[in-house]
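Written out below as structure tokens is the structure these notes cover.
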Amino acid sequence: MFEEYDEYRNKIREFALKEFTEDVAADYDRKEAYPDELRKKSLSLGIVDMQNPAKVMIGIEELCRVDAGLGIALTTPYFGSEVIMLFGSDAQKAILEDVYKGKYILGLSVTEPSGGSDVAGLKTTAKKQGNKYILNGSKMFITNGSIADYLVVLARTSEDSNPHHGLSTFLVNTKLKGFKANKLVDKLGVRATNTAELQFNNIELSEDDLIGEEGKGFYYIMMFFNISRIYVAAQSLGIARGAFDKIKSYIKENNIKDEESMFRLSDVGTRIEATRQMTYNAATYLFEFKPKPELTSMAKAYGSETAVYAAESAMEILGDHSAYEDVQRIFRNAKIMEIWEGTSEIEKLVIARYILKGE
């Protein structure tokens, strides 16, 4: 079903090769600056089409193949949009339309300092007082945290014996009094993306800021992760392909034929093909509104490991040439794939759970 997007794929590839030059990618990486001018240019050219999830996935893959730091930075201004798209009010969806047009930048705020993977154990609260909610707490490692105009925030609205209950999602305007963001620096990779620590200090939210139903937030976020993990698998696939491009070029240019290099080349190529099949198979179910979380988690977990393996292979095969900044950047960018949107360990627990549910 994805062959129809070949022309779009070529368009994305051409854009990335033209705009993500080594000088540009290295500069944003060194400065840890968000590439807002590239964001605006990509919008004007229709590079990211959030109305079409297949195009989003393909776009992410091809952008990350050239440079993951810039590629991810151009596709995260819409981070969390699926929560609003699926469960938001008409007024919230109107704001989302402005996000798609580039007027606003959106972010998703779930992870906390005390526990990244334990979503149900989060401590941020939104206590109801009359017709308002008072938001207090902190978040950590939030993408777009210090540049977002709006954030989809997960907070506890009530206590329940079941920790999955009592969580709700809110659309928070970052201009509200009591919001503070501290940009994180010296990250290992994806330095062109904006990452921040957030603090919410007695922020007053209205009932209109609640996304969907109170107490359903955990399930909204889990549904979001089931979508976004496909996109992380595409990020991983793109990074792995970018590393593979480096390996192939180096082997051909230097006429390398030793068995060890041939074995590693074939291993990387095989893992990339397996990742592609897993990712596009899981995406087929998801985009037909029949998601299979176990397949999504398989694609995300295996894909992230493939990205790291391909990057490590590029470093080893290129030897002294791996000291070049572009190869190092691929290696640094790959590692986050095993961590965000659910660590590899979390993904494997999901996979195991679904395997045991089956016959």
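Tally up the residues in the stretch 236-262 that are more than 17 Å from E312 (Cβ to Cβ) and either of a type in the set (D, E, K, R) or open to solvent by less than 20 Å² (accessible area, probe 1.4 Å) (or both), please.
Total satisfying the criteria: 5.
Find the residue count for the stretch 87-114, including only residues that are surrounded by 18 or more Cβ atoms within 10 Å (Cβ to Cβ) and assigned to a loop (DSSP other than H, G, I, E, B).
5
If we keep just the residues of the stretch 318-329 that are touching a helix residue (DSSP H, G or I) at 6+ places or on another chain (Cβ under 6 Å) and open to solvent by 30 Å² or more (accessible area, probe 1.4 Å), which is nearest to T76 (Cα to Cα)?
If we take residues in the stretch 318-329 being touching a helix residue (DSSP H, G or I) at 6+ places or on another chain (Cβ under 6 Å) and open to solvent by 30 Å² or more (accessible area, probe 1.4 Å), then D326 is nearest to T76 (Cα to Cα).
Considering only the stretch 183-209, how many residues are touching a Leu at 6+ places or on another chain (Cβ under 8 Å), open to solvent by 10 Å² or more (accessible area, probe 1.4 Å) and part of a strand (DSSP E or B)?
Of the residues in the stretch 183-209, 4 are touching a Leu at 6+ places or on another chain (Cβ under 8 Å), open to solvent by 10 Å² or more (accessible area, probe 1.4 Å) and part of a strand (DSSP E or B).
From V56, V48, which residue is part of a helix (DSSP H, G or I) and touching a Ser or Thr at 6+ places or on another chain (Cβ under 8 Å)?
None of the others qualify; the one that does is V56.
With the condition kept exactly as written, say whether any residue in the stretch 128-135 is under 28 Å from T193 (Cα atoms), open to solvent by less than 10 Å² (accessible area, probe 1.4 Å) and part of a loop (DSSP other than H, G, I, E, B).
No; the residues of the stretch 128-135 include none that is under 28 Å from T193 (Cα atoms), open to solvent by less than 10 Å² (accessible area, probe 1.4 Å) and part of a loop (DSSP other than H, G, I, E, B).
If a residue counts only when it is more than 29 Å from T21 (Cβ to Cβ), which helices (runs of 4 or more DSSP H) contained entirely in the stretch 237-348 have at least 3 such residues?
It comes to 259-287, 293-318.
Residues in the stretch 161-173: is at least one open to solvent by 50 Å² or more (accessible area, probe 1.4 Å), hydroxyl-bearing (S, T, Y), under 22 Å from I339 (Cα atoms) and out of contact with any strand residue (DSSP E or B) (no Cβ under 8 Å at 6 or more places or on another chain)?
The answer is no, given that none of the residues of the stretch 161-173 is open to solvent by 50 Å² or more (accessible area, probe 1.4 Å), hydroxyl-bearing (S, T, Y), under 22 Å from I339 (Cα atoms) and out of contact with any strand residue (DSSP E or B) (no Cβ under 8 Å at 6 or more places or on another chain).
Can you tell me how many residues within the stretch 26-37 are in contact with a helix residue (DSSP H, G or I) (Cβ under 6 Å, 6 or more places away or on another chain), outside any loop (DSSP other than H, G, I, E, B) and buried (at least 20 other Cβ atoms within 10 Å of the Cβ)?
1
Of T124, T143, which residue is of a type in the set (S, T, Y), touching a Phe, Trp or Tyr at 6+ places or on another chain (Cβ under 7 Å), farther than 30 Å from V24 by Cα and outside the structural domain of Y34 (by the TED database)?
Every option except T124 fails the conditions.
Looking at the stretch 115-127, which of its residues are at pLDDT 95 or above and open to solvent by 30 Å² or more (accessible area, probe 1.4 Å)?
Matches in the stretch 115-127: T125, K127.
The values are calculated or read from the model by the stated rules, or taken from the named source; none is laboratory data. On a predicted model such as this, the values are computed, not experimentally measured, just so you know. We place every Cβ from the backbone using ideal geometry, glycine too, and count neighbours over all the protein chains shown. Side chains are part of the model used for accessible areas, which takes the heavy atoms of the whole protein and leaves out ligands, DNA and RNA. Shrake-Rupley method; radii C 1.70, N 1.55, O 1.52, S 1.80 Å.
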